[in-house]
Amino acid sequence: MKIALFGLLAVLGYLGLAYAFQRSVLFPRPPRPQVSPAEGRPDVDVAWLGTDRAVEAWYLAPTGAGNDRPAPVLVFAHGNGELIDYWLGEFEVVRGWGLGVLLVEYPGYGRSGGDPSEASIARTMAAAYDYVAARPDVDPERIVAYGRSVGGGAAGALVRQRSVAALVLESSFTSVRRMARRHLLFGPFVRDPFDTLGAVGEFEGPVLVIHGREDRLIPPAHGSTLAEGAPNGELVWLDCGHNDCPRPWKELRGFLERQGILETGSESDATPSPAL
């Protein structure tokens with residue numbers, strides 16, 4: 001009896017600690033940079049999102065042909081151990097095609113106020129969409145949600161709230177609940193479930209899933225399940241793991257052209273930058 005009681009208390013203690021500290025694992029915020037790399041950049045529009053204008057986002061205008069008319073835009077959500085600061089130079093190739101890019105920070109990350117959670121990130125993504133869709137230099141009918149790793153959950157939250165032209169998921173999970181099972185966390189003990197699979201299942205637009213064959217952090221089965229769960233899904237495998245993948249610009253460009261979001265033959269075939 002005492003052994004059983006001790007075991008029960010141990011399990012309850014573990015679940016209590018896991019519930020309390022899981023956000024520090026899911027959202028391991030990097031140190032805040034002292035200087036913003038966007039400072040002094042005339043090609044970067046800094047926006048502050050939300051009713052309290054607390055969360056930072058950067059709009060990078062297209063540099064390629066056709067930037068004299070409203071442009072298609074990628075709304076990009078990064079991984080959980082990253083900042084928008086890390087991505088400022090990574091989209092030069094994409095901008096050269098004639099696409100704008102909105103880099104969205106998470107609450108509590110970098111210079112942004114608040115605390116990260118599924119709910120606060122979902123609100124931020126909706127505010128990011130509203131900001132960029134209202135810009136006169138953006139075509140609101142060609143806004144694409146793009147999420148990498150935990151950013152796939154953020155992008156999934158966006159497509160449930162706003163109308164987007166397409167969804168791109170790179171190295172993303174089906175849900176945090178499924179990921180948490182390896183740590184013996186189930187159901188209500190997962191505070192931020194991020195049901196990406198449910199989001200793609202409800203989304204009727206085109207979905208591009210990109211995943212590394214050797215991904216040990218988010219197993220490849222998550223990628224194949226996401227693609228299969230999307231009514232209009234495509235799956236691209238890369239020969240890499242999770243954080244060592246090259247930027248999938250060739251695959252992204254082909255997808256956007258097939259969906260009519262990007263005009264065929266847009267400028268700039270420059271060599272992509274290496275992955276972070």
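The values are calculated or read from the model by the stated rules, or taken from the named source; none is laboratory data. No experiment lies behind these values; they were computed from the predicted model shown. Don't worry about glycine lacking a Cβ; one is built from the backbone with ideal geometry, like all the others, and counts go over all protein chains shown.
Taking the criterion of being modelled with pLDDT of 95 or more and of a type in the set (Val, Ile, Thr), the residues of segment 29-57 that qualify are VAL44, VAL46, VAL55. Of the residues that sit in segment 144-163 and are over 8 Å from the mean Cα position of the chain (by Cα), touching a residue at least 40 places away in the same chain (Cβ under 8 Å) and surrounded by fewer than 24 Cβ atoms within 10 Å (Cβ to Cβ), which one is farthest from ALA119 (Cα to Cα)? By that ranking, first place goes to VAL159.
Residues in segment 32-67 that are surrounded by fewer than 18 Cβ atoms within 10 Å (Cβ to Cβ), touching a Leu at 6+ places or on another chain (Cβ under 9 Å) and either farther than 28 Å from ARG253 by Cβ or polar (S, T, N, Q) (or both): ARG32, PRO33.
The set of residues in segment 30-68 being of a type in the set (A, V, I, L, M) and in contact (Cβ under 8 Å) with a residue 40 or more places away in the chain consists of ALA38, VAL44, ALA47, LEU49, ALA54, VAL55, ALA57, LEU60, ALA61, ALA65. In this structure, is ARG95 touching a residue at least 24 places away in the same chain (Cβ under 8 Å), crowded, with 18+ Cβ neighbours inside 10 Å and closer than 15 Å to ARG142 by Cβ? Criteria met by ARG95. For segment 174-194, the candidate set comprises residues that are within 22 Å of ALA128 (Cα to Cα) and crowded, with 19+ Cβ neighbours inside 10 Å; within that set, the residue that is modelled with the lowest pLDDT is ASP192.
One line per residue, one yes/no per condition, for (1) under 27 Å from ARG135 (Cα atoms); (2) surrounded by fewer than 18 Cβ atoms within 10 Å (Cβ to Cβ); (3) modelled with pLDDT of 90 or more; (4) aromatic (Phe, Trp, Tyr):
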{"site": "GLY7", "(1), (2), (3), (4)": "no, yes, no, no"}
{"site": "PHE27", "(1), (2), (3), (4)": "no, no, yes, yes"}
{"site": "PRO70", "(1), (2), (3), (4)": "yes, yes, yes, no"}
{"site": "HIS78", "(1), (2), (3), (4)": "yes, no, yes, no"}
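Determine whether ARG111 is surrounded by fewer than 20 Cβ atoms within 10 Å (Cβ to Cβ) and out of contact with any His (no Cβ under 9 Å at 6 or more places or on another chain). Here the answer is yes, as ARG111 does meet what is asked. Residues that are buried (at least 18 other Cβ atoms within 10 Å of the Cβ) and not aromatic (Phe, Trp, Tyr) within segment 237-250 comprise LEU238, HIS242, CYS245, ARG247, PRO248, listed in sequence order.
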